[in-house]
1. Could you tell me whether segment 147-162 includes any residue that is surrounded by fewer than 24 Cβ atoms within 10 Å (Cβ to Cβ), within 16 Å of the ligand (Cβ to nearest atom) and not in a strand (DSSP E or B)?
2. Please determine, by comparing only the residues of segment 224-248 that are away from the ligand (no atom under 12 Å from the Cβ) and of a type in the set (D, E, K, R), which one is surrounded by the fewest Cβ atoms within 10 Å (Cβ to Cβ).
3. Considering only segment 225-251, state which residues are aliphatic (A, V, I, L, M), in contact (Cβ under 8 Å) with a residue 40 or more places away in the chain and farther than 16 Å from ALA9 by Cα.
4. Quick one: in segment 44-72, of everything that is modelled with pLDDT under 90, in contact with a Pro (Cβ under 8 Å, 6 or more places away or on another chain) and not acidic (Asp, Glu), which residue is surrounded by the most Cβ atoms within 10 Å (Cβ to Cβ)?
5. I need a count of the residues in segment 96-116 that are within 16 Å of the ligand (Cβ to nearest atom) and farther than 24 Å from ALA19 by Cα.
6. Is it fair to say ALA139 is at pLDDT 95 or above and within 16 Å of the ligand (Cβ to nearest atom)?
7. Answer with yes or no whether GLY273 is within 13 Å of the ligand (Cβ to nearest atom), within 16 Å of the chain's Cα centre (by Cα) and of a type outside the set (D, E, K, R).
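The values are calculated or read from the model by the stated rules, or taken from the named source; none is laboratory data. The model shown is predicted, which means the values in this text are computed figures rather than measured ones. Because the Cβ atoms are built from the backbone with ideal geometry, glycine has one as well, and the counts that use them run over all protein chains shown.
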Amino acid sequence: MAVIEVALAGREYDVTIEAGAIDEMDKRLWDFLPASIPGRPKIPFVADTNTYKLYSGAIAMAMGTEGYEADWFVVEPGEGAKSWAVLERLTDWLLALGVTRSDHVFALGGGVVGDLTGFACAVMKRGCGFVQIPTTLLAQVDSSVGGKTAINTGAGKNLIGAFHQPAAVLIDPLVLNTLPDREMRAGFAEVLKYGLLGDAEFFDWLEGNAAKVLEREPAALSHAIATSIRAKARIVAADERETSGVRALLNLGHTFGHALEAETGFSDRLLHGEAVALGMVLAAKYSARRGEISAQDADRAAAVIAASGLPSEIASLGMQCDGERLVDHMRHDKKMESDHLPFLLLKGIGAAYMARNVELSDVAAFLDEELVRA
Ligand code: GLY
């Protein structure tokens, strides 16, 4: 078992990584079982239909041994659940249950369930507690840690949200055994991101061990998850609200990636992690084009991404567009400032930095070259 603290004064919490933790969650999360839900001690759980089907039985048993019962709010899988309509139903349900500010709601699922539940808890009576039990690799190494919560609107993804830290995060790597391989690879892109942005040694290790992690070899998988979370915990503790530029490093690959997701309609054609993977390749190549890293380092980034079965060439997307159209999507990025878009680029493997002097016309020309090369 590994326990990693997210050291935020007054809001610190532990991320516990333990194989089999879901079966024992009553013991691991004892401190967060309800103080004051009236009547029968029912614990509010939010899940999607998949995680409900897979784990509600084990959770009922774990809760039952302590005399508690789980009460479920189940959403359809997918981004559609991060909506005003579902938020309204969820908050009404929590109010009807009598949840108070000292209670905790349990989010069992991927990033969608975590983001929705976290945001509902941020506004529930001006803030109640919640616990993240992430069930995808992407949620385990990224979205469950750090307190970013949000829903989507017609104007874009994650535009309505709040910073609201969980009270605890419980990670059971065994749940990844039932995760589809494509989603496993998409989550692995975020693992690679931690190496590429700030830890050259971890990047070296990932080059040699990607296959083991993707095959869920227990020791390799736990090392990859724990190293990623240690990096995220450090970054969040240094810059909780993304104001100093430190947390923004976590957006490596996201500006290019967001444009690709927008062009492919935020659909299953390109999962978020896949877009981040291709975005990191483009950030590395663009850094090489600016003379900030060597072509060999850019090739290393592309090679480990390709070897992990992630997209590393724009051609693989079959898009009919030019660089200017992709840059136009970037202009709607929520990181866009009044007259420029900060870009996360590389000075080396393990050395990301924020460039504020990037001309979008130059990015469009670079993307045109990439699209032609395709
Ligand atoms: N997923 C990026 C962040 O948590 O800041």
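1. So far as segment 147-162 goes, yes, one or more of its residues are surrounded by fewer than 24 Cβ atoms within 10 Å (Cβ to Cβ), within 16 Å of the ligand (Cβ to nearest atom) and not in a strand (DSSP E or B).
2. The qualifying residue surrounded by the fewest Cβ atoms within 10 Å (Cβ to Cβ) is ARG234.
3. Listed by number, the residues that qualify are ILE225, ALA226, ILE229, ALA248, LEU249, LEU250.
4. TYR68
5. 1
6. For ALA139, the condition - at pLDDT 95 or above and within 16 Å of the ligand (Cβ to nearest atom) - is met.
7. yes
Every residue, every condition in (1) farther than 24 Å from HIS340 by Cα; (2) of a type in the set (Gly, Ala, Ser), yes or no:
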position	(1), (2)
ASN251	no, no
ASP268	yes, no
VAL281	no, no
GLY291	no, yes
